[in-house]
Amino acid sequence: MTPLNRRTFIQAAGGGAALATLGFPSLVLGAARRVVVVGGGVGGCTAAKYLRKLAPDIAVTLIESKPAYTSCFMSNEVLSGDRTLQSLTFGYDGLRGYGVEVIEDSVVGIDPERKRVQTAGGSRFDYDACIVSPGVGFKWDAIEGYDEQIANQSIPHAWYAGPQTQLLRNQIESMPEGGHVIIVAPPNPFKCPPGPYERASQIALYCKHHKPRAKITILDAKDAFSKQGLYIEGWTKLYGYGTDDSMIQWVSAAQGGAIEGLDASTRTLVGLVEDFQGDVVNIIPPQKANAIAFAADLVDGDWCPVDKRTFESTRHQHIYVLGDASSASKMPKSAYAANSQAKVAAAAIAARFQGKEPGDPTFVNTCYSIVGEDFGISVAAVYSLDAETNSIEPIPGSGGVSPANASPEIRKREVSYAHSWFKNVINDMMK
Amino acid sequence: MNSKKTINTQGCNRLLSLLALLALVPFQLSAESARLPAGPSGQALAFTCAGCHGTDGSSVGPSMPAIAGMDPEVFVDAMKAYRQDERNPSIMNRIAKAYTDEQFEAMGWFFASQRLRLFPQPYDPRLAEQGARLHDDYCEKCHENGGRPGDAGTLAGQWMPYLHFTMEDFISGKRKWPRKMQRKVDAAIEEAGGDAIPALVNYYGSQQ
Ligand SMILES: Cc1cc2nc3c(=O)[nH]c(=O)nc-3n(C[C@H](O)[C@H](O)[C@H](O)COP(=O)(O)OP(=O)(O)OC[C@H]3O[C@@H](n4cnc5c(N)ncnc54)[C@H](O)[C@@H]3O)c2cc1C
């Protein structure tokens, strides 16, 4: 694949000794190039690992504010009780095994002129290329009366897996028999488009067995959602959707589902048409790129524009923005997408360090959702770059969602695929 | 594009020197680069599979087959069958429709050149022993060396849940039997009854 990698180069030049006589050894072999990765989530970890795989002579430093990664994917299963948060939490030793230097600190600024990253802990890291994959942040001003403190204490978003996921689980467990859970679903674009609906499903799965008279209402800022047909098929089959007795209700924006405010003390949501009161309220706020993307001047509007051949920022050279924070249309904000983009960026950086043009990119997204016992569904897409429009386009005739009304055996298989996918994607990013 | 922007005089010198040295590089290297088709490389294509099939095709998820070290022809045939909806459609059929034959081949060569890493999985030793005998009698002719990677796919050390899915598909008629296989499986079932498939699967799973 590499027409002229370091080894063949040395061989071609007749051994290392010959190089010295040519007078430019450090230029040819390159002083160790340094990549600094900001954010140890899916995009950041995958990029760090693949950089080391592709080009072991590149020094890679990953800076992450938390000591371990807790994955959002599969965290809805914590709500049904099928899984613990512990089972979603992974340390960074795997990456260290690839020779990645992992540093626990928060990045507060990136200087694109000096090519330098600044941390809250007061350290500075110089880079030849910087990869930024910080995930999403929340638009706290979008829902009046809702803020970060309330989210931590009583009305979790749980859109980062962690203590808020556990809080939400505890609230559902301790709500009254016929309790009412409300999920406020955000407008597009947001992290994990099928996520709020999988969440409703997993809560229903718990309630079906433990609080069969409970109700779950999704108040939506949208009039349609990801894998909608399949969710409704599953909800109909498993939770009585469409009957008066349905455990799950979905209120679209047109039906008054868009929420403008919250009275946290009474857990009342203020809608355009009517108000809604719940025993447990989960607000998933509207989203934008995480704070560091704004601090580093990488955004245009809410998200970070990139050259989709490489994921290099179109605002600052040598900085690559991956995953949820990037504007990667038409890929969704998913773990699989971030993982796929990371490999494209890693290969592009490795190529450029060798003075070569990056190759043509290719992308995949696969996303499973578990609607209930033995009921899994998926969406898949393979994309290529349309260089003219700088758009990542699904390849015509491919991809799509699981077939409607598939056999129970296929639905059951997709649950086991979902769990195997989880193992493989975690492994591919950080083990 | 960006790399061009940064080229300075030193960079140009370096480029010239590299070009000069390229002349020394064994010629098959340049021949290889000349043959490279446009579009993503085999490696780039294969990297996108890892989210489900593990890094370089060594799956750690029991429902997803390991595809590292796989015979490239078996890989290409499997992908073509998925593309034509000839295998129990779940997700691979949707994905396979995105690729050309050449891309299947490029991915196939990539996976063929990867070392297969196997991971221990629980199995029933009694069934595995029975499976070993059944394998010798009915399967070894095509799945040589206990089903190690070869021109009939990878069975040895393959994930057992995946093997169960595969056998269910054959038996329920959702996947086309390769030549002679149906007769052999029927014969194994005749001998061992309902234990035949679990025994074989446990035997393959026991090879770690
Ligand atoms: C409930 C739920 C379910 C989901 N299910 C799926 C699924 O089934 N399949 C799927 O493909 N995707 C799923 N996702 C989406 C997936 O989690 C994200 O798309 C993915 O994590 C994006 O990766 P990322 O690298 O962009 O960001 P993240 O994985 O969020 O990582 C960002 C990291 O950056 C760190 N960070 C941020 N700022 C700084 C800073 N200044 N300094 C240092 N570190 C910083 C954060 O601590 C974090 O570790 C789900 C999401 C949710 C919420």
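The values are calculated or read from the model by the stated rules, or taken from the named source; none is laboratory data. In this text the structure is predicted, and so the values were computed from the model without any measurement. Heads up, the Cβs are rebuilt from the backbone with ideal geometry, glycines too, and the neighbour counts pull from every protein chain shown. Heads up: the accessible areas ignore ligands, DNA and RNA and are worked out on the full protein's heavy atoms, side chains in. Shrake-Rupley method; radii C 1.70, N 1.55, O 1.52, S 1.80 Å.
General observations
- Difference of contour (0.36 nm per residue) and Cα-Cα distance, residue A:140 to residue A:108: 9.5 nm
- Using the Cβ-Cβ distance between residue B:144 and residue A:409 with R0 set to 45 Å, the FRET efficiency from 1/(1 + (r/R0)^6) comes to roughly 0.90.
- For the pair residue A:273 and residue A:388, a Förster radius of 51 Å applied to the C-beta separation gives a FRET efficiency near 0.70, rounded to the nearest 0.05.
- Applying a threshold of 26 Å to the alpha-carbon distances of A:49/A:191; A:66/A:211; A:333/B:97; A:227/A:333 flags A:66/A:211 as lying beyond it.
- Under 5 Å from the amide H of residue A:271 lie the amide H atoms of A:260, A:276, each residue being 5 or more positions distant or on a separate chain, with H modelled from the backbone and absent for Pro and chain starts.
- Here residue B:164 sits with roughly 70 square angstrom of accessible surface, probe radius 1.4 Å.
- Chains B and A together bury roughly 4700 Å² of accessible area, counting both sides, with a 1.4 Å probe on protein heavy atoms only.
- Taking 0.36 nm per residue of separation and subtracting the current Cα-Cα distance, fully stretching the chain between residue A:170 and residue A:82 would add 30.3 nm.
- The C-alpha atoms of chain A define a longest principal axis, and helix A:163-174 lies at about 20 degrees to it.
- Over chain A, relative contact order from alpha-carbon pairs under 8 Å, at least 6 apart, %: 17 percent
- Separation of the residue A:93 and residue A:373 label points, Cα + 7 Å toward Cβ, nm: 3.8 nm
- The range A:167-254: trypsin sites (Lys or Arg not before Pro) in DSSP loop, at most 11 other beta carbons within 10 Å: A:213
- Expressed as a whole percent, the accessible area of the range B:125-206 that falls on carbon and sulfur atoms is 50 (1.4 Å probe).
- Relative to the current alpha-carbon distance between residue A:148 and residue A:188, full extension at 0.36 nm per residue lengthens the span by 12.3 nm.
- The mean sequence separation of alpha-carbon pairs under 8 Å and at least six residues apart, normalised by the residue count of the range A:140-287, gives a relative contact order of 34 percent.
- For chain A, the longest principal axis of the alpha carbon atoms and the long axis of helix A:335-353 meet at an angle near 10°.
- Loop-exposed GluC sites (Glu not before Pro) per DSSP, neighbour cap 12 Cβ within 10 angstrom, longest uninterrupted part of chain A: A:275-387
- Chain A: angle of helix A:195-210 to the longest principal axis, Cα-based, in degrees nearest 10: 50 degrees
- In the full protein context, chain A carries 38 Å² of accessible surface per residue, based on a 1.4 Å probe and ignoring ligands, DNA and RNA.
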